[in-house]
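The values are calculated or read from the model by the stated rules, or taken from the named source; none is laboratory data. Quick caveat: nothing in here was measured; it's all calculated off a predicted structure. Don't worry about glycine lacking a Cβ; one is built from the backbone with ideal geometry, like all the others, and counts go over all protein chains shown.
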Amino acid sequence: MAGGKIEQRVILSRQEAAKWLHSLANALENGGTTEVALVGPGVALNLPDEFEVELELEPYGDKIELEFELMWPNSGAEPAAEEKRSRVAAADGLR
């Protein structure tokens with residue numbers, strides 16, 4: 001992944017959020033290269049075999065934030081043409 005930090009925010013129904021998470025889980029299970037996006041252009045990622053995982057649950061007034069992070073070394077390598085590719089995308093915008 002080239003460039004700096006990318007943040008995307010959308011409002012999804014429970015079913016849409018589950019579908020997006022299922023797609024992400026399938027991409028992680030299959031490995032290779034995946035393109036991840038919530039809205040707008042995706043970001044291509046080379047997925048390793050192991051991740052450092054962080055889970056955070058924090059109340060913010062009348063809201064609750066559940067955040068998870070997957071971290072891995074930035075190899076900087078471009079994916080090979082024959083590598084498995086998948087796409088993980090969510091709905092097209094805020095409601």
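Taken as a whole, the stretch 70-84 holds at least one residue that is surrounded by 10 or more Cβ atoms within 10 Å (Cβ to Cβ) and at pLDDT 90 or above. Of all the residues in the stretch 1-26, those that are surrounded by 15 or more Cβ atoms within 10 Å (Cβ to Cβ) and either in contact with a Leu (Cβ under 7 Å, 6 or more places away or on another chain) or farther than 20 Å from residue 67 by Cα (or both) number 2.
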